[in-house]
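Single-structure report; data block below.
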Amino acid sequence: MQAGASEEWRKYWTLAVAAALGNSLTVLPLYSLGPFMSSLQDEFGWTRAQVSLGATVSTSLGAVLGVGVGLLMDRWGPRPIGIAGVAMVCSAYALLGTTSAAITHWLSLWVLIGIGAACIKPTVWTSAVSSRFDRSRGVAIAVTISGSGVAATVIPPLATWFITNDGWRSAFAGVGFVWAVAVLPFLILFFRGSQDRQKKGAPAGAGYAGDQLPGLSVAEGLRSPAFAKLGFAGMMFAFTLTGLIVHFVPVLRDRGVDSMTAASIAGLLGVSSIVGRLGAGFLIDRFRADRVAVGAFLLPIAAVGLLLVDGGLPLMVVAAIVVGLSLGSELDVIIYLTTRHLGLKRLGVLFGSMLLMLSLGSALGPVTAGLVFDQFGSYLYFLLAMIPLCALGAVIISTLGPYPTFAASTEPKAA
């Protein structure tokens, strides 16, 4: 690392770790849903599309509320928003075990998760980290986003273990409790960005916490071509990848893989996403991030090819690794490109607005994959649709121009 990068890590490594733990909650509802699908179908007779609709409700609500939460984060800083969101998501997730046969009960519980999810978007965690790291921002963001990779590795087998030993109702409570105990103490102790420090002791109405940070205003950012390109490309990628991830265990089960093996293979998504994130972080600190992003967007096409070939467990394992690499690197580069093209000043509102587009893709992907299966008895047509969508996203990203230069200094603020 450069001298400046080493100094950043010496001062703020605990912030990066706390942010990574907080970011792990962003994938808790989606990555755990696959192992529960068969149990919910057997218990209530629901279709896979109906089960997936809960994730759609949560993701959609989180997207709608994301802009408002971004405004609050720009004013108050990310710390209070993130801590409150983690507490709410863990509590609401545990309550999923109380659901009844009424689908409205199931969906209402996902509404609660969606409200909390709006407060734990990656923007919350990466905005604090980006305010402290400049020379090593790519790696710092990668470490932060890798928290979701750790969660993706642990959640499927953990949920399956709880379901096998205690039943699906207790499993929801168990997973929610484990995550709350693992994450909240670290956030309370270590999660503070420069925005939080600047705002501490300031009078009410004293402006926004990020006013001294470099970047575009809300109006300038929303008019920026980079905003539209990143939003549309991210939306298409989120649609395809989220749909595949939520249904990855059922895809494997339909190929004759037993539940525990399928969950273990799905856990490789998390392991490889960590590698993808750290690798992408290393690369975007040294090369143009849009070129790294193009590679990330094209990887799922290879994964689809592997899933469509009847090659048994080895190819399924490789497909999971490829999907995980893409998952890890894609969000890394989108967030990094946003901080470089739009800046940090109003990142909460601007990325919150962009997340409306990304979350629309994430909301529609799982339920669309479920509908395709319910209609045709196979995920084939959804997998085939992924190919042109991922390719188009790569083309859009490739048209981003050079990073703009902002008037304000990009040096991180001292503690």
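The values are calculated or read from the model by the stated rules, or taken from the named source; none is laboratory data. None of these values were measured; they are calculated from a predicted model. So basically every Cβ, Gly included, is an ideal-geometry build from the backbone, and we count neighbours across all protein chains shown.
Flag not set for Ala219, criterion: part of a helix (DSSP H, G or I), surrounded by fewer than 19 Cβ atoms within 10 Å (Cβ to Cβ) and modelled with pLDDT of 85 or more. Number of residues in segment 172-194 that are crowded, with 20+ Cβ neighbours inside 10 Å, over 30 Å from Asp134 (Cβ atoms) and in contact with a Gly (Cβ under 7 Å, 6 or more places away or on another chain): the value is 1.
One residue is enough: does segment 377-386 have a residue meeting the conditions farther than 20 Å from Phe297 by Cβ and without any contact (Cβ under 8 Å) to a residue 40 or more places away in the chain? Checked segment 377-386: at least one residue is farther than 20 Å from Phe297 by Cβ and without any contact (Cβ under 8 Å) to a residue 40 or more places away in the chain. Could you go through segment 131-147 and let me know if any residue there is crowded, with 24+ Cβ neighbours inside 10 Å, within 15 Å of Ile81 (Cα to Cα) and touching a residue at least 40 places away in the same chain (Cβ under 8 Å). Checked against the condition, which is being crowded, with 24+ Cβ neighbours inside 10 Å, within 15 Å of Ile81 (Cα to Cα) and touching a residue at least 40 places away in the same chain (Cβ under 8 Å), segment 131-147 yields no hits at all. Report whether or not Val349 is buried (at least 24 other Cβ atoms within 10 Å of the Cβ) and in contact with an Asp or Glu (Cβ under 9 Å, 6 or more places away or on another chain). Criteria met by Val349.
Every condition in (1) in a helix (DSSP H, G or I); (2) of a type outside the set (Phe, Trp, Tyr); (3) in contact with a helix residue (DSSP H, G or I) (Cβ under 6 Å, 6 or more places away or on another chain); (4) without any contact (Cβ under 8 Å) to a residue 60 or more places away in the chain is met by Arg10 except one, and the failing one is (3). Just one of Ile103, Ile113, Ile163, Ile155 is within 17 Å of Gly62 (Cβ to Cβ), β-branched (Val, Ile, Thr) and at pLDDT 85 or above; which is it? The conditions single out Ile113. In the set (1) more than 16 Å from the chain's Cα centre (by Cα); (2) closer than 27 Å to Ile113 by Cα; (3) buried (at least 24 other Cβ atoms within 10 Å of the Cβ), Gly328 fails one condition alone, (1). Looking at the structure I just gave you, is Phe237 buried (at least 21 other Cβ atoms within 10 Å of the Cβ), modelled with pLDDT of 80 or more, over 30 Å from Gly370 (Cα atoms) and not small (Gly, Ala, Ser)? It is false that Phe237 is buried (at least 21 other Cβ atoms within 10 Å of the Cβ), modelled with pLDDT of 80 or more, over 30 Å from Gly370 (Cα atoms) and not small (Gly, Ala, Ser). Identify the residue in segment 97-127 that is polar (S, T, N, Q) and in a helix (DSSP H, G or I) and, among all such residues, is surrounded by the fewest Cβ atoms within 10 Å (Cβ to Cβ). Once the filter is applied, the top-ranked residue is Thr104.
Can you find a residue in segment 249-260 that is touching a helix residue (DSSP H, G or I) at 6+ places or on another chain (Cβ under 9 Å), crowded, with 24+ Cβ neighbours inside 10 Å and more than 26 Å from Asp374 (Cβ to Cβ)? There is no residue in segment 249-260 that is touching a helix residue (DSSP H, G or I) at 6+ places or on another chain (Cβ under 9 Å), crowded, with 24+ Cβ neighbours inside 10 Å and more than 26 Å from Asp374 (Cβ to Cβ). Please verify whether segment 374-395 includes one or more residues that are surrounded by fewer than 19 Cβ atoms within 10 Å (Cβ to Cβ), within 25 Å of Arg288 (Cα to Cα) and modelled with pLDDT under 85. No, segment 374-395 contains no residue that is surrounded by fewer than 19 Cβ atoms within 10 Å (Cβ to Cβ), within 25 Å of Arg288 (Cα to Cα) and modelled with pLDDT under 85. Against the list (1) at pLDDT below 90; (2) closer than 15 Å to Ile81 by Cα; (3) part of a helix (DSSP H, G or I), the condition Gln198 fails is (2).
If you filter segment 129-176 down to residues that are aromatic (Phe, Trp, Tyr), touching a helix residue (DSSP H, G or I) at 6+ places or on another chain (Cβ under 6 Å) and in a helix (DSSP H, G or I), you find that the one that is farthest from Ala19 (Cα to Cα) is Trp168. In segment 352-373, the residue that is modelled with the highest pLDDT out of those that are of a type outside the set (A, V, I, L, M, F, W, C) and either within 26 Å of Leu33 (Cα to Cα) or buried (at least 24 other Cβ atoms within 10 Å of the Cβ) (or both) is Thr368. Being of a type outside the set (Val, Ile, Thr) and surrounded by fewer than 24 Cβ atoms within 10 Å (Cβ to Cβ) is the filter; apply it to segment 148-158 and report the residue that is nearest to Ala87 (Cα to Cα). So the residue we want is Leu158.
Here's the yes/no breakdown for (1) part of a helix (DSSP H, G or I); (2) of a type outside the set (A, V, I, L, M); (3) within 15 Å of the chain's Cα centre (by Cα); (4) at pLDDT below 90:
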{"site": "Leu241", "(1), (2), (3), (4)": "yes, no, yes, no"}
{"site": "Pro250", "(1), (2), (3), (4)": "yes, yes, no, yes"}
{"site": "Leu269", "(1), (2), (3), (4)": "yes, no, yes, yes"}
{"site": "Arg277", "(1), (2), (3), (4)": "yes, yes, yes, yes"}
{"site": "Phe282", "(1), (2), (3), (4)": "yes, yes, no, yes"}
{"site": "Ala293", "(1), (2), (3), (4)": "yes, no, no, yes"}
{"site": "Ala303", "(1), (2), (3), (4)": "yes, no, no, no"}
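Test Arg135 against the stated conditions and say whether it is among the charged types (D, E, K, R) and either in contact with a Cys (Cβ under 6 Å, 6 or more places away or on another chain) or at pLDDT 85 or above (or both). When the stated conditions are applied, Arg135 does not pass them.
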